[in-house]
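A short worksheet on the structure shown next.
The values are calculated or read from the model by the stated rules, or taken from the named source; none is laboratory data. The structure displayed is predicted, hence computed values, not measured ones. Neighbour counts run over all protein chains shown; Cβ positions are idealised from the backbone, glycine included.
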């Protein structure tokens with residue numbers, strides 16, 4: 001197990017290693033995540049009040065039902081007959097009739113509230129929330145969210161949200177014309193929720209700290225393991241697979257934080273990514289990484305252009321005949337095929353050779369995509385072709 005003295009000595013050793021690290025390396029904290037240390041999604045259903053006639057109105061019964069339930073919980077009766085025996089019969093009947101009328105909800109809107117609970121969030125801390133209308137409300141501008149419970153996937157309440165909304169979208173109607181800027185039916189409340197419950201994590205209780213590589217790669221996982229063992233001694237880290245590395249850690253929570261801080265700042269050289277070409281067919285974008293290779297192949301590319309021109313003429317009959325004047329359309333068709341040169345790829349050419357060869361024939365981005373797809377189909381392209 002790690003002791004305080006050993007932590008101090010290791011800190012000095014890590015500082016010396018970091019001072020001699022190369023600039024091309026990446027920090028472990030930039031390419032890995034600590035297992036169990038993550039954010040959690042929260043969701044809740046609530047009401048936004050104080051709108052200027054842009055709420056749900058009578059078109060969404062759910063809003064009225066929710067408002068009645070909330071008011072009932074506050075001890076306010078919104079329906080049913082009046083039971084005050086001091087009122088006269090006529091006044092009691094009028095009060096009962098008014099109580100049965102539906103609530104006017106032009107100033108109220110039903111909304112969904114979402115938030116992200118950061119790792120290690122403690123009760124009393126505040127987090128930002130997003131609010132979005134789920135009914136027919138036209139705008140949430142100027143509204144205030146009333147107290148809403150934010151629950152996790154386990155159904156437990158982890159935060160309480162409430163506050164005045166910030167809505168950047170706006171809608172304006174005048175003389176039969178309308179204009180909308182942004183989205184007026186959604187907004188945010190900075191620091192609008194208070195954390196009420198912690199999320200348990202294995203960080204303080206587990207025997208090992210597990211680091212997960214963001215981009216799965218056996219070479220990267222091995223490089224991280226070797227860097228940690230070089231700094232802290234053999235056997236401290238062990239690679240589980242191409243994603244996870246298990247690291248022995250001190251039992252004391254304070255020492256564990258210090259230890260993990262030193263590990264995060266170690267520099268490693270991650271493995272080279274797999275050869276891959278990504279093509280965006282909508283924008284004509286092609287991205288090729290430097291590991292792409294091409295076997296021996298000859299390529300030519302040149303579109304065929306067909307031009308059709310029409311000439312309208314009038315045919316006149318000879319004099320003193322029974323003929324009639326008619327219109328005649330003459331069409332000229334011309335087919336043009338440019339004589340583009342073929343370019344030859346030698347075995348094992350790299351990215352620079354591919355780009356230079358394509359640029360020499362003046363290929364457009366769409367032509368480049370067509371060439372790459374043809375190379376992949378022919379089996380000459382040593383890379384994964386991903387179309388998005």
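Per this entry, residue 246 is not counted among residues that are within 30 Å of residue 294 (Cβ to Cβ) and either touching a residue at least 40 places away in the same chain (Cβ under 8 Å) or not assigned by TED's automatic domain parsing to the domain that holds residue 295 (or both). Across region 261-284, the qualifying residues are those that are exposed (fewer than 13 other Cβ atoms within 10 Å of the Cβ) and touching a strand residue (DSSP E or B) at 6+ places or on another chain (Cβ under 7 Å), and the one among them that is farthest from residue 373 (Cα to Cα) is 274. When we screen 310, 216, 223, 249 for residues that are touching a strand residue (DSSP E or B) at 6+ places or on another chain (Cβ under 8 Å) and either within 30 Å of residue 379 (Cβ to Cβ) or modelled with pLDDT of 90 or more (or both), the only hit is 223. In the set (1) at pLDDT 85 or above; (2) surrounded by 13 or more Cβ atoms within 10 Å (Cβ to Cβ); (3) in contact with a strand residue (DSSP E or B) (Cβ under 9 Å, 6 or more places away or on another chain); (4) part of a helix (DSSP H, G or I), the condition left unmet by residue 62 is number (2). Considering only region 242-260, state which residues are under 17 Å from residue 36 (Cβ atoms) and surrounded by fewer than 18 Cβ atoms within 10 Å (Cβ to Cβ). The answer is 244, 248, 251, 253, 257. Can you name the residue in region 139-150 that is surrounded by 16 or more Cβ atoms within 10 Å (Cβ to Cβ) and assigned to a strand (DSSP E or B) and is also farthest from the chain's Cα centre (by Cα) among such residues? That would be 146.
Just checking, does region 267-275 include any residue being under 19 Å from residue 218 (Cα atoms) and assigned to a helix (DSSP H, G or I)? No, region 267-275 contains no residue that is under 19 Å from residue 218 (Cα atoms) and assigned to a helix (DSSP H, G or I).
When we screen 49, 34 for residues that are modelled with pLDDT of 85 or more and over 27 Å from residue 206 (Cα atoms), the only hit is 49.
Going through (1) outside any helix (DSSP H, G or I); (2) in the same structural domain as residue 164 (by TED's automatic domain parsing); (3) modelled with pLDDT under 85 one by one, residue 72 falls short only on (1). The criterion of at least 2 residues that are at pLDDT 80 or above is met, among strands (runs of 3 or more DSSP E) falling completely within region 162-208, by 186-195.
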